[in-house]
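> I'd like to ask you about the structure that follows.
The values are calculated or read from the model by the stated rules, or taken from the named source; none is laboratory data. Predicted, not measured: the structure shown is a model, and the values here were computed from it. We place every Cβ from the backbone using ideal geometry, glycine too, and count neighbours over all the protein chains shown.
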């Protein structure tokens, strides 16, 4: 099962933001299970690093990002991704559009985010961390 983790899920894990951390950390732990391929994007990693650095400092944030990078698969953003967002008139937030098309190109089946409304245009399932766990794991 291929799933995509949005930046807010990563940030909640890196910064131990409760109550979300209880759910997001469980989802991230799926990366250690061969049944799952857990993806994120380089953009999400950059956003997560920014917030981890603000809270923990550069060295600690680098260590945490390195641990994530060892476990996760990465989507890519290329010229076709950018053009797809530009062509889709339904998309108002360019960054969310980049995430979405990188998810599609990586053949992920689910987007896990705490801002489900950001992906109002999605044709694949978008779930919060808790709902994903309840629906597909427990």
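> Looking at 30, 20, 14 in this structure, which one is within 26 Å of residue 77 (Cβ to Cβ), at pLDDT 95 or above and surrounded by 22 or more Cβ atoms within 10 Å (Cβ to Cβ)?
Only one candidate passes the filter, namely 14.
> Right, here's the next one. Quick one: would you say residue 68 is within 14 Å of the chain's Cα centre (by Cα), farther than 13 Å from residue 4 by Cα and surrounded by 13 or more Cβ atoms within 10 Å (Cβ to Cβ)?
Yes.
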